[in-house]
Amino acid sequence: MSDTDVFLRFEGVVAGYGGGDVLKGVDFDVSQGGVTCIVGPNGSGKSTLLKTVSGLVKPRLGQIWFKGRGLVGLTPKEILQLGVVQVPQQHSLFREMTVMENVELGAFLVKDKKVIAQRMEHIREVFPIVGERAKDKAGSLSGGQQRLVEFARCLMLDPELVVLDEPSMGLDPKTLRLVFETIRKMNAVGRTVLLVEQNARQALKMSHDGVVLENGTVRLRGTGAEVLNNPEIGALYLGGSIAPPSSGPGS
Amino acid sequence: MTTLLRVDNVSRSFGGVQALRECSLDVEKGSITGLIGPNGSGKTTLFNVITGYVKPDAGTVTFNGKTITNARPDTVFALGVGRTFQLTRTFARITVLENMLVATQRDDSWLRGLTRSMSSKAEVANAMEWLSFVGIAQLAELPAGALSFGQRKLLELAYVLVADPDVILLDEPAGGVNLTLINTIAEKIKALNEGGKTFLIVEHNMEFVMGLCASVTVMHQGSALISGTPDDVRSNALVLDAYLGGGDDEESEFA
């Protein structure tokens with residue numbers, strides 16, 4: 001049931017695209033201020049689950065509670081206004097518009113020009129590329145650079161919850177590290193992050209909580225480290241070659 | 001070893017951006033060659049030049065001793081060069097199996113392609129075999145549009161394999177694919193390679209590239225920076241700086 005203490009709660013969520021249910025009853029809580037990473041095989045329903053949060057897919061059954069408020073049935077715009085912003089899996093910038101124009105579009109719900117200016121200033125500090133490439137067409141940026149601009153754009157609404165669908169996809173190792181660092185940074189300044197990643201080992205390392213989705217239901221949930229070190233999950237979904245925790249970097 | 005595919009001094013600009021700059025690359029027959037490099041270094045453009053989707057401003061591409069510079073994509077494909085795309089391209093409204101059957105018709109004339117209504121049992125069986133090979137046979141009757149991103153990538157891989165090309169260009173086969181499945185795909189590529197197929201693979205997953213490829217070429221700003229064994233490449237200071245990024249502390253993650 002609704003519980004205002006719970007930040008985000010999936011409650012018996014069943015959803016699909018008409019050809020059968022992709023999500024077959026998903027239940028778990030996302031705690032405020034953390035990074036929660038969803039992992040699982042291809043086709044397990046990860047992207048669909050994220051779409052139910054942002055209102056792009058309407059669950060057939062169940063409810064999603066965001067700070068005590070039911071999200072099911074709200075329009076994507078209403079969900080944005082509540083402070084939930086999603087960055088989709090495939091590139092979503094307007095390629096023919098400039099970097100600055102793309103970022104400004106992120107604030108389309110904000111009417112106060114002063115607020116927009118303040119946020120823009122803050123965002124240029126966090127994402128220097130927004131200032132450096134402000135006048136360049138977004139389509140001329142590399143894949144990784146476009147990713148960073150997408151993050152910058154989503155912060156223009158000052159969201160409480162940032163939803164990311166495979167933020168590392170297609171990124172070279174150096175940019176991947178930068179993107180993961182940026183996610184940590186967004187989290188450090190108070191945003192709760194819910195993300196889906198196939199780059200599961202690195203993503204779980206930086207996540208407080210991990211959720212394994214399998215065939216449309218939650219197979220396992222725990223801390224990021226618990227999921228990472230679960231031998232069965234490792235064999236099934238993490239490539240089966242998890243290094244023991246003692247050999248990890250920084251330990 | 002003989003060179004199956006040769007790219008010689010290829011250049012190509014888009015507006016003010018020089019995507020390829022006198023880029024040269026040899027792919028040995030029977031090899032698995034890796035192509036790595038930062039985002040925007042020209043890897044996909046090179047694939048597009050080889051497969052006829054983009055015409056180079058200068059330079060030549062030869063396959064099996066035959067010049068294929070400026071040849072059309074269907075001609076290059078018919079000669080035996082198959083490829084997948086970074087972002088998948090499948091027909092969304094027809095089934096997974098039907099997508100596969102379209103790929104088997106490459107030898108037909110356009111007229112026969114228009115008039116044939118049935119695929120033979122052997123073609124269906126063959127298509128199903130490749131779908132099993134990549135692990136999505138159970139999805140054969142679904143419209144391709146209902147597949148997740150990762151599943152569509154696998155369909156595209158099967159789609160290329162069913163046409164039986166001599167050299168297969170894979171553009172980020174592991175991107176968006178579950179880690180365990182990545183290992184499975186790597187094993188399948190090894191098996192196909194042992195059966196005589198040559199591979200050229202663009203991929204950012206270093207474990208995948210380094211575990212699979214005997215030779216790796218690093219691209220940087222439109223040119224081939226260095227080529228060598230995975231160990232040569234991994235320990236090269238230029239590569240570390242341009243591609244893998246600094247920070248020795250986390251190096252094990254990419255090793």
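Might you let me know whether segment B:190-211 holds any residue that is basic (Lys, Arg), surrounded by fewer than 18 Cβ atoms within 10 Å (Cβ to Cβ) and under 26 Å from A:LYS46 (Cβ atoms)?
No, the conditions are met nowhere in segment B:190-211.
Filter segment B:4-25 down to residues that are without any contact (Cβ under 8 Å) to a residue 40 or more places away in the chain and part of a strand (DSSP E or B) and give me whichever is farthest from the other protein chains (Cβ to nearest Cβ).
B:PHE14
Identify the single condition in (1) away from chain B (no Cβ under 14 Å); (2) farther than 21 Å from A:LYS185 by Cα; (3) small (Gly, Ala, Ser) that A:SER92 does not satisfy, given that it satisfies every other one.
A:SER92 satisfies every listed condition except (1).
Anything in segment B:174-193 that is within 12 Å of another protein chain (Cβ to nearest Cβ) and either in contact with a helix residue (DSSP H, G or I) (Cβ under 9 Å, 6 or more places away or on another chain) or under 11 Å from B:GLY150 (Cα atoms) (or both)? List them, or say none.
Hits for segment B:174-193 are B:ALA174, B:GLY175, B:GLY176, B:VAL177, B:ASN178, B:LEU179, B:THR180, B:LEU181, B:ILE182, B:ASN183, B:ILE185, B:ALA186.
For segment B:60-124, list the helices (runs of 4 or more DSSP H) that sit wholly inside it and hold at least 2 residues that are touching a helix residue (DSSP H, G or I) at 6+ places or on another chain (Cβ under 9 Å) and at pLDDT 80 or above; which are they?
Counting at least 2 such residues, we get B:73-79, B:96-103.
Taking segment A:186-226 as the search range and keeping residues that are among the aliphatic types (A, V, I, L, M), in a helix (DSSP H, G or I) and within 13 Å of another protein chain (Cβ to nearest Cβ), which one is farthest from B:PHE208 (Cα to Cα)?
My answer is A:LEU204.
Out of the residues in segment A:68-89 meeting the condition of being at positive phi and out of contact with any Leu (no Cβ under 8 Å at 6 or more places or on another chain), tell me which one is farthest from the other protein chains (Cβ to nearest Cβ).
If we take residues in segment A:68-89 being at positive phi and out of contact with any Leu (no Cβ under 8 Å at 6 or more places or on another chain), then A:GLY68 is farthest from the other protein chains (Cβ to nearest Cβ).
Name the residue, out of A:VAL99, A:VAL14, that is surrounded by fewer than 19 Cβ atoms within 10 Å (Cβ to Cβ) and away from chain B (no Cβ under 14 Å).
On inspection, the qualifying residue turns out to be A:VAL14.
For (1) in a strand (DSSP E or B); (2) of a type outside the set (S, T, N, Q); (3) more than 30 Å from B:GLN138 (Cβ to Cβ), each residue gets a yes or a no:
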{"position": "A:GLN32", "(1), (2), (3)": "no, no, yes"}
{"position": "A:ILE38", "(1), (2), (3)": "yes, yes, no"}
{"position": "A:LEU109", "(1), (2), (3)": "no, yes, yes"}
{"position": "A:LYS114", "(1), (2), (3)": "no, yes, yes"}
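Which of the residues that make up segment B:169-203 are closer than 10 Å to B:GLY34 by Cα and not in a strand (DSSP E or B)?
B:GLU203
Among (1) crowded, with 23+ Cβ neighbours inside 10 Å; (2) modelled with pLDDT of 95 or more; (3) touching a Lys or Arg at 6+ places or on another chain (Cβ under 6 Å), where does A:PHE28 come up short?
Checking A:PHE28 against (1) crowded, with 23+ Cβ neighbours inside 10 Å; (2) modelled with pLDDT of 95 or more; (3) touching a Lys or Arg at 6+ places or on another chain (Cβ under 6 Å), the one that fails is (1).
Pull out all pairs, ordered by first then second residue, where Cβ-Cβ is under 9 Å, the residues are six or more apart or on different chains, the first lies in segment B:36-59 and is more than 21 Å from B:ASP74 (Cα to Cα), and the second is among the aromatic types (Phe, Trp, Tyr).
Here the result reads B:ILE36/B:TYR243; B:GLY37/B:TYR243; B:PRO38/B:TYR243; B:SER41/B:TYR243, each pair linking segment B:36-59 to a residue that is among the aromatic types (Phe, Trp, Tyr).
How about segment A:148-158: which of its residues are touching a residue at least 40 places away in the same chain (Cβ under 8 Å) and touching a Ser or Thr at 6+ places or on another chain (Cβ under 9 Å)?
If the condition is that a residue be touching a residue at least 40 places away in the same chain (Cβ under 8 Å) and touching a Ser or Thr at 6+ places or on another chain (Cβ under 9 Å), then A:GLU150, A:PHE151, A:ARG153 are the ones that fit.
Collect the residues in segment A:193-227 that are surrounded by fewer than 19 Cβ atoms within 10 Å (Cβ to Cβ) and of a type in the set (Gly, Ala, Ser), keeping them in residue-number order.
Answer for segment A:193-227, where residues must be surrounded by fewer than 19 Cβ atoms within 10 Å (Cβ to Cβ) and of a type in the set (Gly, Ala, Ser): A:GLY222, A:ALA225.
Using beta carbons and a limit of 7 Å, which pairs, at least six apart or on different chains, have the first residue in segment B:140-159 and more than 9 Å from chain A (Cβ to nearest Cβ) and under 15 Å from B:VAL102 (Cβ atoms) and the second one small (Gly, Ala, Ser) and not in a helix (DSSP H, G or I)?
Listed by first residue and then by second, the contacts come to B:ALA144/B:ALA92.
Quick one: A:LEU74 ticks every box in (1) in contact with a Pro (Cβ under 8 Å, 6 or more places away or on another chain); (2) modelled with pLDDT of 95 or more; (3) surrounded by fewer than 22 Cβ atoms within 10 Å (Cβ to Cβ) except a single one, so which number is it?
Failing condition for A:LEU74: (1).
Would a scan of segment B:199-206 turn up a residue that is touching a strand residue (DSSP E or B) at 6+ places or on another chain (Cβ under 8 Å) and polar (S, T, N, Q)?
Checked segment B:199-206: no residue is touching a strand residue (DSSP E or B) at 6+ places or on another chain (Cβ under 8 Å) and polar (S, T, N, Q).
Please state which one of A:GLN146, A:GLN81, A:GLN89, A:GLN118 is out of contact with any Pro (no Cβ under 8 Å at 6 or more places or on another chain), polar (S, T, N, Q) and modelled with pLDDT under 85.
Selected residue: A:GLN89, the only one of A:GLN146, A:GLN81, A:GLN89, A:GLN118 that is out of contact with any Pro (no Cβ under 8 Å at 6 or more places or on another chain), polar (S, T, N, Q) and modelled with pLDDT under 85.
From (1) within 14 Å of chain B (Cβ to nearest Cβ); (2) crowded, with 20+ Cβ neighbours inside 10 Å; (3) of a type outside the set (Asp, Glu); (4) not in a helix (DSSP H, G or I), pick out the condition that doesn't hold for A:LEU50.
All conditions are met except number (4).
The values are calculated or read from the model by the stated rules, or taken from the named source; none is laboratory data. The structure presented is a predicted model; accordingly, all values stated were derived computationally and were not measured. So basically every Cβ, Gly included, is an ideal-geometry build from the backbone, and we count neighbours across all protein chains shown.
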